[in-house]
Amino acid sequence: MPTDRVSGVLAHPTSLPGPHGIGDLGPAAFRFVDWLSRGSQRRWQVMPLGPTGFGDSPYASPSAFAGNPLLISLGWLAGDGLLDESDLREAPEFPEYEVEFERVQRYKYPLLRRAFDRFRSGAAADQRPAFDAFRQAESAWLDDYALFVAVKQAHGGVAWTDWEEPIRRRDPKALAEWRERLADEVRYQQFEQFQFRRQWTELKRYANEHDVRIIGDIPIFAAHDSADVWANRDIFQLEESGIPTVVAGVPPDPFSATGQLWGNPVYDWAANETTGYAWWVARVRAMLETVDIIRIDHFRAFAAAWVVPNGQETAEGGQWEAGPGVEIFRTIAREVGATPFVIEDLGVITPDVIALRDELGFPGMKVLQFAFEDDPANPYLPHNYGASDVVYTGTHDNQTTVGWFATRSESERNAVTRYLGRDGQDIAWDLIRLALGSVAETAIVALQDVMRLGDEARMNVPGRPTGNWGWRFQSHQLHDGLADGLAEMVWTYGRAKPPGEPRGHNPYDYTVSGTAHPLHPR
């Protein structure tokens, strides 16, 4: 029998409530941890935390190492003395239930630059040693990332393959010249990353003190227009110009009749092997500084990836190309140590993927929305699970459970209600109960399902290039009744927290031991 049955909630920080158009790492994030703790939830799963890329996607980031500056809490910066209250009074009126990314960027980035200007002028001087230490400790990725963003902005935002040849090819003389020319902008980008890491570290510490572990998300592929590809082009399949020769995607599947053409460059695994998979080792090591458990998105590409000749309009003309298999994970284990991985073993799964997963012993994913095809042998039905599986009501790519059930055929709904032994009137919590009651050691439920929301709250529609990732909730929706309902169900199914464990204080309380807390936004 499993010895540590746990459950958690899937919710990205951008979905949190707050006054500045997007969820951030401020008070609402700490209150969310409090809510998780009240509900006896011991996992908080997030999507990639990096800057977003094409279509505002966190899975198309310009860096596999950087944090998203839009998650920086402006109120926190004001509490640090880097912004004034007056700086925050003129916030635009943002939509309550969605993120308008472009408007948020126009509002927040000037304020982050204002905070940097004040920092350079001597504000928050106590942070300067920590800033210098951060720049030194993270220089292996931070220097390239900060320069990449600065040079990209200097070129009007065009892709790095359209830069002048010397800087495109990273000629040492050109790198030195651009670093000197853009020194202030480079330092600003480093400042953004420092503030993100500082705030996120406090939030993660608070979560861990409340026995909540963070499950982060590592997309297997890097975005082409990224610091990672620009600075490490030898480990990708690129032409001399830097354009990919082939791009990644997935073949036709239930999500898309023509497959999904992601456009990411594909790794040159032989070249990666000659480096000892150094970039991957650094990536995993860096991620373990910010999360507790790593979910590998699109794990199957480590066995074989669907690669498509660059320039194709759909993914239908691709083919499978072998990945590095078990060797890359053996290398990571030698260099980093035992790493808590959860793998996304979804989609078109062939026997080689199953064999690799089983050889590595990594927990895989079971999604309840895939279970009800009126086939008792369906591997997503709970009676077919193993204890090491991680069960989800749905992922960020799925409909909400309410939306999913409403769009099923009558025969499909009958299959669901027959298996559940319920009428489906409370389908979201019916599936939550099914997940929590399963033998899977870990159960993760989408926050939209906890709130019983329909597809208006869906996070992503795979294959749709725009209009995703923007869902937000409001404070009143995260009420104690939902947490108490989860806590009761968690207790019923043996996933409750051990009693008597210490709990940390909320740094956004007005007082800590009788004194005003320095992190409380003024």
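Each reported figure results from applying straightforward, stated rules to the coordinates on display, with no laboratory input. Small disclaimer: the values here were computed from a predicted structure and weren't measured. Reconstructed Cβ throughout: ideal geometry from the backbone, glycine too, with neighbour counts over all protein chains shown.
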If you average 1/r over all unlike Cα pairs in region 258-337 and invert the result, what Kirkwood radius do you get in angstrom? 14.1
What is the dipole size for the chain, taken about its Cα centre, with +1 at each Lys and Arg Cβ and -1 at each Asp and Glu Cβ, in debye to the nearest 20? 1160
Compute the semi-axes of the equivalent ellipsoid of region 351-471, taking the square root of 5 times each eigenvalue of the Cα gyration tensor, and list them largest first in whole Å. 23, 19, 14
Mind jotting down the three principal axis lengths of region 379-425 based on Cα atoms? Whole angstrom, largest first. 32, 25, 16
3J(HN,Hα) from dihedral phi, region 220-226, Karplus parametrisation 6.51/-1.76/1.60, rounded to Hz, x for glycine, proline: 5, 9, 9, 5, 4, 7, 9
Binned at 5 Å from zero, the C-alpha pair distances of region 210-367 give percents of 2, 9, 17, 21, 21, 16, 9, 4, 1, 0, 0
Taking the mean number of other Cβ atoms within 10 Å as a proxy for protection, how do you rank 402-413, 293-304 from highest to lowest? 293-304, 402-413
Please name whichever of Leu112, Ala64, Trp178 sits farthest to the positive end of the charge dipole of the chain, dipole taken about the Cα centre and charges placed at Cβ: Lys and Arg +1, Asp and Glu -1. Leu112
Using θ = phi - 60° and the Karplus relation 6.51 cos²θ - 1.76 cosθ + 1.60, list the HN-Hα couplings for region 446-455 in order, rounded to whole Hz, with x at every Gly or Pro. 5, 4, 4, 6, 4, 8, 6, 9, x, 5
Cβ charges +1 (Lys, Arg) and -1 (Asp, Glu), total dipole of region 294-347, debye: 280
Lysine pair number, Cα distance threshold 24 Å (strictly under), the chain, separation 8 or more or different chains: 5
Find the all-direction average of the projected area of the Cα convex hull for region 183-258, expressing the result in square nanometres with one decimal place. 9.0
Output ordering of 6-15, 34-43 (per-residue mean of other Cβ within 10 Å, highest first) is 6-15, 34-43
Using θ = phi - 60° and the Karplus form 6.51 cos²θ - 1.76 cosθ + 1.60, what ³J(HN,Hα) does each residue of region 366-374 get, whole Hz, x for Gly and Pro? 10, 10, 4, 5, 8, 8, 9, 10, 6
Highest average packing first - 332-345, 58-71, Cβ atoms within 10 Å: 58-71, 332-345
Once you charge only the Cβ atoms, +1 for Lys and Arg and -1 for Asp and Glu, what is the size of the charge dipole of region 67-131 about its Cα centre, to the nearest 20 debye? 400
Coarse-grained scattering of region 84-214 at q = 0.09, 0.18, 0.21, 0.22 Å⁻¹, given as base-10 log I(q)/I(0) from a Debye sum over alpha-carbon atoms: -0.36, -1.18, -1.30, -1.32
Just the Cα atoms of region 124-190, one point each, no solvent: what log10 I(q)/I(0) does Debye give at q = 0.17, 0.22 Å⁻¹? -0.62, -0.93
Rounded if a/c is under 1.5, else prolate if a/b beats b/c, else oblate: with a ≥ b ≥ c from the C-alpha gyration tensor eigenvalues square-rooted, which is region 226-302? oblate
Once the Cα atoms of the chain are picked out, what are the Rg and Dmax in Å? 23.1, 70
Which shape class, rounded, prolate or oblate, goes with region 284-377 when its Cα gyration tensor gives a ≥ b ≥ c as root eigenvalues, a/c under 1.5 marks rounded, and past that a/b bigger than b/c marks prolate? oblate
Which whole-angstrom value gives the distance between the alpha carbon centres of region 104-134 and region 149-184? 23
Picking from Phe32, Ser7, Thr52, whose Cα lies most toward the positive end of the charge dipole for region 1-98 (charges on Cβ: Lys, Arg +1; Asp, Glu -1)? Ser7
Please work out the Cα center distance from region 256-318 to region 461-492, rounded to the nearest Å. 29
Amide H contacts under 5 Å for Gln45, placed H, 5+ residues apart: Val9, Leu10, Ala11, Ile215
